[in-house]
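Here, each number is a calculation from the coordinates, and none is a lab measurement. Every value quoted in this text rests on a predicted model; they were computed, and no experiment measured them. A quick note on method: Cβ atoms are made from the backbone with ideal geometry, for glycine too, and the neighbour counts reach across all protein chains shown.
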Amino acid sequence: MKRTALFLDFDGTLAPIHSHPDDVRLSPERENLLIDLSSKIPTIVLSGRSLPDLRKRLPVQALAGISGDHGASRFFRGRIHVPTGAQSVRPVVRRLGEALKETFLSWGGVYVEEKEYSVSVHFRNLDPDHTDAFRKILLGIVLPDIDRCSLIESKGKCVWEYRPPGLNKEDAFTWYLEEMNRGSESKDGFRPVMIGDDTTDWETVKRSVRMGGEGYWVGESLPEFDASITGLLRSPDDVWAYLEGLYLSV
Ligand SMILES: [Mg+2]
């Protein structure tokens with residue numbers, strides 16, 4: 001029989017979206033449940049945050065893996081794996097992060113998160129009257145890199161993300177499964193369960209279902225109609241109720 005492997009997004013899935021990303025923490029009870037759960041089911045967190053940031057918020061040693069920067073950095077079995085496409089784009093990411101930080105320094109409500117292999121520009125706290133001006137200035141800075149295809153842009157919930165092309169959560173998801181199958185004594189392999197809430201999770205949720213596993217979407221409705229999706233979980237509280245049930249069932 002196939003063993004389950006659990007894949008979880010972090011912000012909006014395990015923790016509610018917070019206006020200040022740095023303030024997000026799991027409660028000790030939830031952290032303990034995650035530790036107990038991953039002792040039974042290999043658990044991997046796939047996040048847009050950087051690995052150093054995730055280490056502050058998750059029981060890293062208890063997890064089977066954590067991937068940061070939308071799949072561009074991957075911690076697995078005590079080692080960090082970085083695909084070549086991410087390494088080469090590092091100077092571009094650093095330059096862009098610095099330029100954005102300097103530009104939006106005096107903007108209340110805009111927070112530039114410089115990471116190892118990607119940059120996030122959060123605008124949750126921005127005055128809605130300033131949204132158009134913000135977007136115009138942002139595009140002026142990022143477009144040359146997007147035109148050169150050195151970075152791609154994607155939009156999350158009140159955040160613009162800039163990351164290396166061809167690296168994403170769904171590829172990290174497949175990579176983890178392949179690595180785990182390679183290291184497994186059983187020939188049956190793993191049956192994935194993926195839970196996520198943002199546009200960058202959607203392909204992974206669908207891929208998990210297509211691979212014979214389960215895929216759950218966190219939110220009020222799916223981003224596009226797809227009858228194959230296993231189910232909706234309305235909030236991080238519902239995700240934790242599901243995880244508790246999963247823990248008790250194995
Ligand atoms: Mg999320």
- Choose one of 43, 119, 146: the residue whose Cα lies farthest towards the positive end of the charge dipole of the chain (beta-carbon charges +1 Lys, Arg; -1 Asp, Glu; about the Cα centre). 43
- Query: So in the chain, what percent of DSSP beta bridges are antiparallel if you round to the nearest 5?
  - Reply: 50 percent
- Note on the structure: Too long for a 22 Å Cα-Cα cut-off, among 56/169; 115/169; 56/136; 40/187, are 56/136
- Compute log10 of I(q)/I(0) for the chain with the Debye formula, placing one identical point scatterer on every Cα and leaving out solvent, at q = 0.08, 0.16 Å⁻¹, to two decimals. -0.31, -1.20
- For helix 131-147, report the angle its Cα long axis makes with the longest principal axis of the Cα atoms of the chain; keep it between 0 and 90° and round to the nearest 10°. 80 degrees
- PRE zone check, label point 7 Å out along Cα-to-Cβ of residue 188, amide N under 20 Å, scope segment 212-228, hits 212-215
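Report the local net charge at residue 157: Lys and Arg +1, Asp and Glu -1, summed over other residues whose C-beta lies under 10 Å from its C-beta.
Numbers: positive: 124, 155; negative: 11, 197, 198.
Once positives and negatives cancel, what remains is -1.
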- What nm value, rounded to one decimal, do you get for the distance between residue 246 and residue 82 when each label is placed 7 Å out toward the C-beta? 3.0 nm
- The helix 90-103 Cα axis meets the longest alpha-carbon principal axis of the chain at an angle in degrees, between 0 and 90 and rounded to 10, of 50 degrees
- Nearest 10 degrees, 0 to 90: what angle lies between the long axis of helix 28-40 and the longest principal axis of the chain (Cα atoms)? 50 degrees
- What is the dipole size for segment 78-228, taken about its Cα centre, with +1 at each Lys and Arg Cβ and -1 at each Asp and Glu Cβ, in debye to the nearest 20? 420 debye
- Note on the structure: Here FRET efficiency (C-beta to C-beta, residue 143 to residue 203, R₀ 22 Å, nearest 0.05) is 0.35
- Query: When the chain is treated as a GNM, springs tying every alpha-carbon pair under 10 Å, which of 104, 134, 225 comes out with the largest mean-square fluctuation?
  - Reply: 225
- Item | Cα pair count fraction exceeding 14 Å, expressed as % - segment 86-163 | 58 percent
